[in-house]
Amino acid sequence: FVTKHKRLIQIAFVLLIVPPFAFFGLESYTRSMRGADDVAHVDGVAVSQREFEEAKRTQLERLRAVYGRAVDAAALDTPETRDALLEALVSQRLVTAAALNARLTLSDDTLREMILANPSFQRDGRFDVATYRQLLRAQGMTEQAYEERLRHDVMVGQLMQAIAETAIASRAGAEQLV
């Protein structure tokens, strides 16, 4: 039967396979292309589900570093912790957007000096390229990713410092200091 009706079986097979893919597979694909997997938008930039999951993983690693391996990942997966984590991601994006709008930068020379001076990357008091690369690999980062993260952190730090230095104390607070 199969060899005699090969064409009929092919048509039946196509009719069974193509419609579900066309309706569900393509919709799923186009939804991810539209950004339906985004959990938030900040200043026109999306916070993706992947970024959110990465932040959850990082938070869990930090807690395990402090409290040991006994930290249960399921206990942290509550609506409250997810909301707090999303709020933290949104806040980070807002601060980053403000730093970019303020045109804060870090020169390549300053970046290089910071990396060379970091004691974690030194062996016998001198910068060691092998140690630098090994530590970055252990954290799952490339040199470029680390440098971008460092630039970002310094840029945000500059903004936070500028805000702190321009803060105006209330009259009551000033009187308590005097």
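The values are calculated or read from the model by the stated rules, or taken from the named source; none is laboratory data. Given the structure is predicted, the values throughout are model-derived calculations rather than measurements. All Cβ positions, even for glycine, are placed from backbone atoms using ideal geometry, and neighbour counts span all protein chains on display. For the accessible areas, the whole protein counts, side chains as well, though only heavy atoms, and no ligand, DNA or RNA atoms are used. Shrake-Rupley method; radii C 1.70, N 1.55, O 1.52, S 1.80 Å.
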Go through the residues of segment 55-71 one by one and say whether even a single one is over 18 Å from the mean Cα position of the chain (by Cα) and surrounded by 11 or more Cβ atoms within 10 Å (Cβ to Cβ).
yes
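Does segment 85-92 include one or more residues that are open to solvent by less than 100 Å² (accessible area, probe 1.4 Å) and either among the aromatic types (F, W, Y) or more than 15 Å from the chain's Cα centre (by Cα) (or both)?
Residues of segment 85-92 open to solvent by less than 100 Å² (accessible area, probe 1.4 Å): 85-86, 88-91.
Cutting the leftovers down to either among the aromatic types (F, W, Y) or more than 15 Å from the chain's Cα centre (by Cα) (or both) gives us none.
No, every residue in segment 85-92 fails to be open to solvent by less than 100 Å² (accessible area, probe 1.4 Å) and either among the aromatic types (F, W, Y) or more than 15 Å from the chain's Cα centre (by Cα) (or both).
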Segment 59-71 residues that are over 17 Å from L89 (Cα atoms), paired with ones that are surrounded by fewer than 10 Cβ atoms within 10 Å (Cβ to Cβ) (beta carbon under 9 Å, 6 or more apart)
R64/A70
Condition met for R103 (part of a loop (DSSP other than H, G, I, E, B), at pLDDT 80 or above and out of contact with any strand residue (DSSP E or B) (no Cβ under 9 Å at 6 or more places or on another chain)):
yes
The residue that is nearest to V154 (Cα to Cα), considering only those in segment 106-144 that are open to solvent by less than 70 Å² (accessible area, probe 1.4 Å) and in contact with a strand residue (DSSP E or B) (Cβ under 7 Å, 6 or more places away or on another chain), is F121
What pairs can you find where one residue is in segment 74-88 and at pLDDT below 80, the other is in a helix (DSSP H, G or I), and their Cβ atoms are less than 7 Å apart, with a gap of 6+ or different chains?
L76/L60
Flagged in segment 79-135 as among the charged types (D, E, K, R) and on the phi > 0 side of the Ramachandran plot, in numbering order, are R103, D124
